[in-house]
Amino acid sequence: MAALAIDRMLDAGARPKDEQAKEILGLNVQRFALAPAPDPALFSRENFGVGYGTDTHQKVQFAKGTTTLAFKFDGGVIISVDSRSTMGPYIASQTVKKVIEINPFLLGTMAGGAADCAFWERNLGTQCRMFELRNKRRVSVAAASKMLANTMYQYRGRGLSMGTMVCGWDESGPQLYYVDDDGTRLKGDAFCVGSGSTYAYGVIDSHLRADLTVEEAIDLGRRAIAGAAHRDAYSGGWNNLYHMKETGWEFIGAVDTNDLYYEHVHPSHIPAPPPKPTPSNVPR
């Protein structure tokens, strides 16, 4: 998309009056290019809608798909995601890292546009760090999710595609919030986001209990992703699973969803294929 002249770009912070003022003040303000139209928000809504069933008239359609989930139990929060990146029927990657490590006590998930989620959740990490420096204490999960929701509300209707979960542990214990590109912010005990979320919800709703052991919770997280990857063509690759504890998040490991299929969805006398090596771009 063509960018407007610099004096018509939307700034993410305070904006000096002109280039000379920027040089005098030494400011390096971050900017984002808008559509070259009189009303960029209206243009984006009419030509770059991202909702299901709302983009059939568009020449450019946002093809996306994923499965991400998180749920609370007595032992903390389990975050389980797949790693497949798709553009319609084309599988672009099988090793996308869909969990953003915001800080040692906060995690965010990616669903929708990978670039939007990655950029704004890293931006959230900057906001959280600035909060810690100003207030000399760790930011709460509620405050972090509100920061992201406020940012999304400022850009609503401008073509962003995000369905994220913000998970963490603070003074109130384990916390889980859902935030999307409309600025919606919901607190809950379990969320599944993405094209495979309906299949994952079926597994989660059937087996989730507050008194699960850590091993049972990890197994439930993997089982839900296995079911979604089996039924949803846009989900698959590797299952990356994290456990949020009082001491911070812990990466449990990455498992091929094909192996999970033989373990959880279709166990039989047929031996499962040998496990594949862990991809190099996921943490060990």
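The values are calculated or read from the model by the stated rules, or taken from the named source; none is laboratory data. The shown structure was predicted, so the numbers you read here are calculated from the model rather than taken from an experiment. All Cβ positions, glycine included, derive from the backbone under ideal geometry; neighbour counts span all protein chains shown. Only protein heavy atoms, including side chains, enter the accessible area calculation; ligands, DNA and RNA are left aside. Shrake-Rupley method; radii C 1.70, N 1.55, O 1.52, S 1.80 Å.
If a/c stays under 1.5 just call it rounded; otherwise compare a/b with b/c (prolate if a/b is bigger, oblate if not). Do that for the range 118-172, with a ≥ b ≥ c from the square roots of the Cα gyration tensor eigenvalues. Intermediate values should be presented prior to the final figure.
Numbers: a/c = 2.39, a/b = 1.79, b/c = 1.34.
Prolate shape, in that a/c is at least 1.5 and a/b is the bigger ratio.
Which semi-axes, in whole Å and largest first, does the equivalent ellipsoid of the range 138-204 have when worked out from the alpha carbon gyration tensor as the square roots of 5 times its eigenvalues?
20, 20, 6
Ignoring any ligand, DNA or RNA, what whole percent of the accessible area of the range 196-274 comes from carbon and sulfur when the probe is 1.4 angstrom? Don't jump to the answer; show the numbers that get you there.
Numbers: 2060 of 3950 Å².
About 52 percent, which is the carbon plus sulfur part of the accessible surface.
How much accessible area per residue does the range 64-182 have, counting only protein heavy atoms and a probe of 1.4 Å, in square angstrom? Walk me through the intermediate numbers first.
On the way: 4540 Å² over 119 residues.
About 38 Å² of surface per residue is accessible.
What is the gain in length, in nm to one decimal, between Q154 and A233 on full extension, counting 0.36 nm per residue of separation less the C-alpha to C-alpha distance?
Working: separation 79, 0.36 × 79 = 28.44 nm, distance 3.33 nm.
Fully extending the segment from Q154 to A233 adds 25.1 nm.
Would you mind estimating how fast the range 110-257 diffuses translationally, via Stokes-Einstein at 20 °C and 1.002 mPa s with the Kirkwood radius over Cα pairs, in µm²/s?
On the way: Rh = 16.5 Å.
Taking Rh from Cα pairs, D becomes 130 µm²/s.
Per 10 Å bin from zero, what fraction in whole % of the C-alpha pairs of the range 82-175 is there, up to the bin with the longest pair?
Percent of pairs per bin, in order: 15, 46, 28, 9, 1.
Can you give me the relative contact order of the range 138-203 as a percent, contacts being Cα pairs under 8 Å and 6 or more apart?
31 percent
Any idea how far apart R137 and A92 come out in nm if each label point goes 7 Å out from Cα toward Cβ?
4.1 nm
When each pair of different Cα atoms in the range 217-260 is counted once in the 1/r mean, what is the Kirkwood radius in angstroms, to one decimal?
Details: mean 1/r = 0.0912 Å⁻¹.
One decimal place: 11.0 Å for the Kirkwood radius.
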